[in-house]
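The values are calculated or read from the model by the stated rules, or taken from the named source; none is laboratory data. On a predicted model such as this, the values are computed, not experimentally measured, just so you know. No Cβ is skipped: glycine too gets one built from the backbone with ideal geometry, and neighbour counts run over all protein chains shown. Accessible surface areas use protein heavy atoms only, side chains included; no ligands, DNA or RNA. Shrake-Rupley method; radii C 1.70, N 1.55, O 1.52, S 1.80 Å.
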Amino acid sequence: MRALSVVEGQAVSLPEADVDTDIIYPARFLLITAKKGLGAYAFADRRTDPEFPIHTDNTRPILIAGPNFGCGSSREQAPWALDDLSFRVLIAESFGEIFYGNCFRNGILPIRLGAAIVAELRGEAVRDAVIRVDLTAQTVATPSGLFTFEIAEDRREALLNGWNDTRRILALHGDDIARFEQGQRRSAAWLWTKEDMDT
Amino acid sequence: MARTLYDKLWDAHVVAEAGDKALLYIDRHLLHEVSTPQSFEALREDDLRVRRPVTQLAVADHSVPTHDRDAPIEDDQAAAQVALLERNCAAFGIEYLPLAGDDQGIVHVIGPEQGFTLPGITLVCGDSHTSTHGAFGALAFGIGASECSTVMATQTLWQSRARTMRVSFTGRLPRGVSAKDMALAFIAAVGASGATGYAVEYAGEAVRALSMEGRMTLCNMTIEAGARTGIVAPDETTFAYLRDRPRAPAGDDWSAALAYWRTLSSDADATFDREIAIAVERIAPHVTFGTSPDQVLPVGATLPAGEQLSKAMRYMGVERGAPIVGLAIDHAFIGSCTNGRLDDLRAAAAIAQHGQVAPGVRAMVVPGSMRVKAAAEAEGLDQIFLRAGFEWREPGCSLCVAMNDDRLPPGARCASTSNRNFEGRQGVGARTHLMSPAMVAAAALAGRIVDVRDVVT
Ligand code: SF4
């Protein structure tokens, strides 16, 4: 996974609340089985509106979104498409829970901040100000202010290092998993019947 | 210390801990064609195998056509996606329930009916409505495609513990009101993100009185309040449903499992981070009017009059302050993992037998699985629907997500038993009103939204 530590650039503001993953990536494009190049389909049904702020040629790395951004479907095409549109940092009051986790697994940093700060950042986005996000320091800096954000330590570490979750679990916890399985074979044998018959 | 059911399920699956997170063991994984192509690709990139193929079960549901199932899939992309799932499963040793077989269906319908879903287990699927399986007292939640590959390779996932919320439904459900209305009333009470970060346990006599189908409807919709998981403690209703299911434990295994399952309830003195009580006697049939499931009202209400929801209401083509009853519909859809099970079809058929689909309305019934379809046909439900002018289709997600050729035209208004009224969910520009199966059937006959309680006698 791509590592992330500092992201600096202009931001796009999308103030609407409850922007679900169906809006971010409409279902009919889920028939595509690729992971790359999905930005072309992002917000497809919104881009017909000339006022819609996110364009397919977007180069701004930061998105200031509305509350509950990314709610709904678990489709990982939503963060893949945002990634393809060059977004590296998403800032909102809150995020859909599955979407929030999916972002980290794709090198995108979702930041939760209070409503007043999000409103201020939105103003900076509209003024085309450069915003600097520093994951090590856990700060968002604008020309006029400096804000700190909270993030789970393990998520921060994984993103800073670009760790691959699967490989890391196997490397660090292979023995723990084997031990758990031995225990469950005894305590809940009915979950293992099929394997025990096979072997 | 007193523990909630969620705590018990969690504690039984901790492989390792770090801070406030745990590496949880995942007992079962359901796969479908849409969320897994990239997961298998990730396994290939990292040269990984599937750790326990027998704990995985795959089926195609989202993009499959609901007609002419004997013919090849017409849409090239959909055909390729389904074929890819079949190939990937074969390559990694995972069982795939074939499209033409007797067991195909929506992933959240087939898990339970196969006895693949069991109390006390952890179950995941690359699909947000995986919360459905919590109806059995399982810890079940939706994950993304990357996590699917992690589960296949490691049988684990890092998770942070959720806060706990108990939603107690007291009293007896009135006539004409169903589990769908309980779910919508709960979402109305907390909002579309009101349960974010929580694991919801549904309790109370009205939940105990629900069939497994009703409990699944309730847990299915939990995600629409923001929570990843909803749970109901297993009881005799659960055990009776599971007994003799194809993949459920049998013989001595059944007895051993049952003894354990009986321990799966929240301790009497367990405390929850949040408690909500809803008296079901006061719940009316609910109808959504906007583009988020919490934009929902009792059917007798009038639409909000303020400016606030104007964007959603403009999309929906409804007027501020107007009554919900009387809104003319173009389509009616009965199906999905929320309401595509036998009980749901019975409730809809009980209304459908009283009339004919109104002129100009297209109404379709899409059973949740081949087994549901066969059971419904054995009872003659298909004949009731067909006589009343409904289409009787093959199983799949269909108009719940409009990824196949079941798609509504722009502006079409649909009474739907599905779970999401999002913009464009049933087709670009289409307008979705979520409601119960009986309400949808009643709307189909009337050609407009009506209160089903005025129709049933
Ligand atoms: S029926 Fe709808 S909600 Fe259920 S799995 Fe299919 S698309 Fe998802």
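Here are the numbers:
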| quantity | calculated |
| --- | --- |
| Delta accessible area of at least 40 Å² on complex formation, residues of the range A:61-77, 1.4 Å probe, chain isolated as reference | A:Asn68, A:Gly72, A:Ser74, A:Glu76 |
| Label-point separation, B:Arg245 to A:Ala141 (7 Å along Cα→Cβ), nm | 5.6 nm |
| Surface share of carbon and sulfur [accessible, 1.4 angstrom probe, percent] for the range A:113-199 | 52 percent |
| Whole-angstrom Cα spans of chain A along principal axes, big to small | 65, 40, 26 |
| Per-selection Kirkwood Rh - chain B (Cα, Å, 1 d.p.) | 22.2 Å |
| Occluded residues from the range B:143-167, i.e. those whose accessible area drops by 50 Å² or more once the chain is not alone (1.4 Å probe) | B:Ser146, B:Thr150, B:Thr154, B:Trp158 |
| Two-site label geometry, B:Ala189 and A:Ala3: point separation in nm, points 7 Å out along Cα→Cβ | 4.9 nm |
| Cα-based convex hull, the range B:72-160, per residue volume (Å³, whole number) | 117 Å³ |
| Listed residues A:Asp175, B:Asp235, B:Asp406 arranged by accessible area, highest first, probe 1.4 Å | A:Asp175, B:Asp235, B:Asp406 |
| Accessible area (Å², per residue) of chain B, counting only protein heavy atoms and a probe of 1.4 Å | 33 Å² |
| Solvent-accessible area, 1.4 Å probe, carbon plus sulfur percent, for chain B | 48 percent |
| Axial C-alpha extent at least 20 Å, average Kyte-Doolittle at least 1.0 - helices from chain B (DSSP) | none |
| Sequence-distant lysines (8 or more away, or on other chains) whose Cα lies within less than 29 Å of B:Lys311 | B:Lys180 |
| Share, in percent, of DSSP beta bridges within the range A:1-131 that are antiparallel, nearest 5 | 5 percent |
| Per residue Cα convex hull volume in Å³ - calculated over the protein assembly as shown | 148 Å³ |
| For the range B:336-406: rounded, prolate or oblate by the Cα gyration tensor [a/c cutoff 1.5] | oblate |
| Cβ-Cβ FRET estimate between A:Thr193 and B:Glu74, R0 fixed at 41 Å, reported to 0.05 | 0.50 |
| Around B:Ser336: net Lys/Arg minus Asp/Glu count, Cβ-Cβ under 13 Å | -1 |
| Label point 7 Å beyond Cα of B:Gln356 along Cβ direction - residues of the range B:368-409 with amide nitrogen under 13 Å | B:387-390 |
| Solvent-accessible area of B:His354 with every protein chain in place, 1.4 Å probe, in Å² to the nearest 10 | 120 Å² |
| Threshold 50 Å², the range A:82-101 residues less accessible with all protein chains present than alone (1.4 Å probe) | A:Glu97, A:Ile98 |
| Buried area at the B-A interface (accessible, heavy atoms, 1.4 Å probe, summed, Å²) | 4800 Å² |
| Per residue, in Å², the accessible surface of chain A once ligands and nucleic acids are set aside, probe 1.4 Å | 42 Å² |
| Exposure of B:Cys400 as accessible area (Å², to 10), given a probe of 1.4 Å and all protein chains | 10 Å² |
| Reachable lysines, given that their alpha-carbon falls under 30 Å from the alpha-carbon of A:Lys35 and they are not under 8 places away in the same chain | B:Lys21 |
| Max mean-square fluctuation residue, GNM over chain A, Cα-Cα springs under 10 Å, options A:Asp45, A:Asp128, A:Asp154 | A:Asp154 |
| Distance from the range A:154-176 to the range B:288-330 (C-alpha centre basis), Å | 47 Å |
